[in-house]
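The values are calculated or read from the model by the stated rules, or taken from the named source; none is laboratory data. Predicted model only: the values in this text are computed from it and were never measured. Surface accessibility is based on the protein's heavy atoms, side chains included, excluding ligands, DNA and RNA. Shrake-Rupley method; radii C 1.70, N 1.55, O 1.52, S 1.80 Å.
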Amino acid sequence: MAADYAQELPTADEAWQRLLDGNARFVRGESRFPSMPQEGFAELAKGQRPFAAILGCADSRVPPELIFGAGFGELFVVRVAGNAISPEVAGSLEYAGLHLHTPLLVVLGHEKCGAAGAALETKFHGSRHHSHIQVLVDGLLPALERVDEQAPPDRQLAQAVEANVRYTMARILESQAGPVEGRMKLVGAIYEISTGRVRFLE
């Protein structure tokens, strides 16, 4: 169902708990993407009041609204391969904080991220990718400085995914908006494709 536009937004901690509760329902198989009654469209047309903004990966296996059990108008979602930050992404997130007053910003990585894997191939094996993909990969490379070159490939990829989330968070914090002039709480998370569970980072 649609979020009530007139309803007070939750605090950042309350929004975080709503995401946790929604993901728990998803893992248990109890959540369903809501249908929209006719009156819901009229409510949505008044405006949007998302309680959380999600910067996630474009991977088709990681739809934030589904894994958090959220309905129409509840999440402000920006998706790009490797959950990478860019001026366009940063501007979108600033809009959520400054104009929609969204209290929580989540940087959401995921297991077996192809963009992180491609960056590892470039870092450790000198692999090159098609032009625009390489631009994306090059933007992820600074996040991978501490990935263990001697670790098994699966462990390297897990390290890269988490390091990339933390790097994106650091870039958001370092920006002039950081994060969005103190209006949004910033948290990082990893979606486990193998279990459906979202693990929030310390």
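Just to be sure I understand: of the beta bridges DSSP finds with both ends in the chain, what percent are antiparallel, rounded to 5?
The antiparallel proportion sits near 15 percent.
Give me log10 I(q)/I(0) at q = 0.12 Å⁻¹ for the chain, Debye formula, one equal scatterer per alpha-carbon, no solvent.
Debye curve over Cα of the chain, log10 I(q)/I(0) at q = 0.12 Å⁻¹: -0.61.
Can you list the HN-Hα couplings for segment 72-77, worked out from phi with the Karplus curve (6.51, -1.76, 1.60; θ = phi - 60°), rounded to whole Hz and with x for Gly and Pro?
Result, rounded to whole Hz: 4, x, 9, 10, 9, 10.
For the chain, what is the accessible area per residue in Å², given a 1.4 Å probe and the full set of protein chains?
53
List the aspartates and glutamates whose Cα sits under 16 Å from the Cα of LYS46, skipping any in the same chain fewer than 8 residues away.
Straight-distance partners of LYS46: ASP4, GLU8, GLU74.
Taking the inverse of the average 1/r across all pairs of different Cα atoms in segment 113-155, what Kirkwood radius in Å do you get?
10.5
Of the heavy-atom accessible surface of segment 7-153 (probe 1.4 angstrom), what whole percent is carbon and sulfur?
Its accessible area is 53 percent carbon and sulfur atoms.
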